[in-house]
Every structure is written in structure tokens, then in C-alpha cells.
1. Given the conditions (1) in contact with a Leu (Cβ under 6 Å, 6 or more places away or on another chain); (2) without any contact (Cβ under 8 Å) to a residue 60 or more places away in the chain; (3) of a type in the set (Gly, Ala, Ser), and given that Gly169 satisfies all but one, which numbered condition is not satisfied?
2. One residue is enough: does the stretch 155-166 have a residue meeting the conditions hydroxyl-bearing (Ser, Thr, Tyr), over 18 Å from Asn133 (Cα atoms) and crowded, with 18+ Cβ neighbours inside 10 Å?
3. For Gly13, only one of the following conditions fails: (1) more than 23 Å from Pro95 (Cβ to Cβ); (2) surrounded by fewer than 11 Cβ atoms within 10 Å (Cβ to Cβ); (3) modelled with pLDDT of 95 or more. What is its number?
4. So which strands (runs of 3 or more DSSP E) are wholly in the stretch 46-143 and hold at least 1 residues that are closer than 30 Å to Leu279 by Cα and without any contact (Cβ under 8 Å) to a residue 40 or more places away in the chain?
5. Could you list all residues from the stretch 163-181 that are in contact with a Gly (Cβ under 7 Å, 6 or more places away or on another chain) and more than 23 Å from Met149 (Cα to Cα)?
6. If a residue must be crowded, with 19+ Cβ neighbours inside 10 Å and assigned to a strand (DSSP E or B), how many such residues does the stretch 266-292 contain?
7. Got a number for residues in the stretch 49-68 being surrounded by 16 or more Cβ atoms within 10 Å (Cβ to Cβ), closer than 15 Å to Pro286 by Cβ and not small (Gly, Ala, Ser)?
8. Go through the stretch 32-45 and give me each residue that's surrounded by fewer than 20 Cβ atoms within 10 Å (Cβ to Cβ) and in a strand (DSSP E or B).
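The values are calculated or read from the model by the stated rules, or taken from the named source; none is laboratory data. Here the structure is a predicted model, which means the values were calculated and not measured. Ideal geometry is used to build each Cβ from the backbone, glycine not excepted, and the neighbour counts take in all protein chains shown.
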Amino acid sequence: MKKIIFIAIMALGIIFVACDDDDVVMTTKNLTLSIDGLENLGSAYVYEGWIIVDNKPQSTGRFSVDDEGKLSRELFVINKIELAVATAFILTIEPALGDDPAPSSVHLLAGNFSGNTGNLTIDHGLAIGNDFNTAAGSYILATPTDGSMNNENSGIWFLSIESMSPVAGLMLPLLPDGWVYEGWAVIDGVPVSTGTFSMNTGKDSFDGYSSQMYEGPPFPGEDFLMNPPDGLTFPTDLAGGKAVISIEPVPDTNPGPFLLKPLVGMIPTDAEDHKSYLLGKNLNFPVGTVSR
């Protein structure tokens, strides 16, 4: 059997220590990730893996993802004993610089080990905790904040008017810490935010495109009447565009929609204002496996 010689220079001389190379090599073991559907987070954020050992998270290492979804690293060298007793794996999103050594609250994927492998999904209790199969939504086109009936196709509100009075148009589960919903209208191919929110009713976080003449309804949505982003002109006509509800990390990693978009709907080219239109499910979420 091969021997590895360690040389330690001490104050009083030189010490030679011999040990079997197997004793060194076998103190670690490889953890391998295979994940589809992740996106490039840019330079400010990275993905980080964690194993749960004795109910405590231990980092397995960080990696990035390119524009084609390829992981910069798939193999990670972990302490053999700790990896053997790990019960679960969690994937988080972390700041690239100045990060706390503990995991962030943005848990994207997780899975329990069953033998030497585990399936990673967003619906695991250590991740987002929901598969969004019950998600549903509707919206109307209208511009209530300007007090007139002009340009009514230039606003979108996630509500329903099928009954006599407006009611919530979204049926979405509560999100855990680290996540928030965000509404979007895709205008001439450009996704424009209507604001973030955590509840199906109540105002969202943004009204910078709406008129300040009147209050908008107490639901997520926006009138696109003023202060357009570069390259767009308001008022506009949302017909033929797209309505999107995304799930965003907090803090947000990108000015556009994150990769989790549970509800998406094409706005008809002949869309009429003050008419309810349905959003469709879009449950194409990242999935993967972890192996030890």
C-alpha cells in the first residue's frame, strides 16, 4: 500500500510522519448535483448548496449558472461522515459578496436523501413548499386611476368583475420568507412590472406608472399612463401582449421576471376593457437530483 510522507518542521528538528493514502482520501466523499431549469443570476448573486446534518445547515459550496443553464460546478467534495448522515439538501440564492455564513431565506429547491440520492423540487417543505397546482387567476384591462374612459386597454388589474363588485382575481398560496409575487405586463416584448405583493387582495408595492388623480382598486395591478421605461410609450394598448405572475426572491436578483412564473396568460389581440380574462398555469419549475 502506498504511503504519504508528511514533513513537519518543528522548533527542535524535523518530524517525518507516514500514513496510508487511503486514510487521507477516504475522509471525503463527492456530492453531485444535476439540476435543470436554473437561470443566470448575474454577478451579484450565486447559488449555494447545503446539507442538513443534525438539523443544522452546512454549506456544500457555491456555483453559478450560464445563459444556457449549465452549472459552473456539479461535483463538490464533502466530509464523508457528515455527508453520510445528512438528511436533506437545500439550494439557496446568496449574495456573491458580503454574505452571511448562514443560508439566506431564499430557499429555491430542496429534497430529502433516500439512500444516496434525493429529488430536488420547489414544493419541498425546506424550499418554497408548494407545487402551485391550485394556482389560478384572472385580470381585466382598465385605467381607473385617471378618472376617464380613455385608454382603457392601457392598464391591467388582477381582479374579477364576474360578480356585481370587484373581487380578487388571483388564487395564490402564501409564500415563505424570502419570496414575493410580482405582476407583469409584457408590452412590445418588454416585461413591465405592475408591482410586488404577498396577498391576493390589497394594493401592491408600486404605482409609478399610474395617474395620481384617483386611487387604484385594492388589488394588484397598474395603469400604464405616465413615466414609461426607456423604449416604450404610455398610454399603450396591452392587447396582443402577455400577463404574468412571477415569484421573486427577496432581495430581487434581476429587474425582469424570475424563472418561477406560475401564472401566464396571452392577452387577446381583440381584448376588451372591463372584461375578465383567465391566466393559465405555467408550472415549468426547476427540478434536479443530488447524489452522494
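1. Going through the list (1) in contact with a Leu (Cβ under 6 Å, 6 or more places away or on another chain); (2) without any contact (Cβ under 8 Å) to a residue 60 or more places away in the chain; (3) of a type in the set (Gly, Ala, Ser), Gly169 breaks only (2).
2. yes
3. For Gly13, the exception is condition (3).
4. Values: elements: 56-63, 75-79, 88-95, 107-112, 117-120, 136-141.
So the answer is 107-112.
5. Correct list: Leu170, Met171, Pro176.
6. The total comes to 4.
7. 2
8. Passing the criteria: Thr32, Ser34, Asp36.
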